[in-house]
Amino acid sequence: MNRSLTLRFGLYFVAVAVCSILLAALVSNYFVNRQFDEYITANEEARNAQISNALAQAYVTAGGWTPQLVHSIPRWATMLGVRLRIVTRDGLEVIDTGSTRSMLGEQTAPNGGGNETADDAIQSSMPIVTSS
């Protein structure tokens, strides 16, 4: 009888230890994933702000959306691995590198994505603010 009680307590102790380890692993995994997602989001926002500032500077330097500037934007997008869609305040589209890629025959997004439509590829937007 004493041996049976010792075995039961031992099994309960092992079960509690395993459950505690699993719970700790699940909780830590949740918080690590949440922090990583926040880190990725913050980096994307910072990158988008840098792209917006660079485009604003190019706009000011060129004196507007000149053909030379607009022609260089798809190269920027390709180098940065992003899709850029620029629309004026009046709603006129200056350029959409997603449709440019489609015209060039590329079937996948720069991030390796596959069957997404041009509208699905837009993940965030950022205004291009100039002093003029």
Q) Restricting attention to segment 53-67, which residues are in contact (Cβ under 8 Å) with a residue 40 or more places away in the chain and within 17 Å of Glu93 (Cβ to Cβ)? A) Leu55, Tyr59
Q: Spot the failing condition for Arg89; the list is (1) open to solvent by 70 Å² or more (accessible area, probe 1.4 Å); (2) part of a helix (DSSP H, G or I), and only one is missed.
A: (2)
Q. Picking from Arg47, Arg34, which residue would you name as being touching a helix residue (DSSP H, G or I) at 6+ places or on another chain (Cβ under 9 Å) and either part of a helix (DSSP H, G or I) or without any contact (Cβ under 8 Å) to a residue 60 or more places away in the chain (or both)?
A. Arg47
Q: Within segment 39-75, count every residue that is exposed (fewer than 13 other Cβ atoms within 10 Å of the Cβ) and aromatic (Phe, Trp, Tyr).
A: 1
Q. Which residues, taken from segment 59-91, are of a type in the set (Phe, Trp, Tyr) and over 18 Å from Ser131 (Cα atoms)?
A. Trp76
Q.
When you scan segment 16-31, do you find a residue that is within 30 Å of Pro127 (Cα to Cα), assigned to a helix (DSSP H, G or I) and either among the aromatic types (Phe, Trp, Tyr) or at pLDDT 95 or above (or both), even just one?
A. no
(Q) Exactly one condition in (1) open to solvent by 60 Å² or more (accessible area, probe 1.4 Å); (2) touching a Leu at 6+ places or on another chain (Cβ under 6 Å) is false for Tyr12; which is it? (A) (2)
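The values are calculated or read from the model by the stated rules, or taken from the named source; none is laboratory data. None of the values given here were measured: they were computed from a predicted structure. Cβ coordinates were reconstructed from backbone atoms using ideal geometry, including for glycine residues, and neighbour counts include every protein chain displayed. Surface areas here come from the heavy atoms of the whole protein model, side chains and all, with no ligands, DNA or RNA. Shrake-Rupley method; radii C 1.70, N 1.55, O 1.52, S 1.80 Å.
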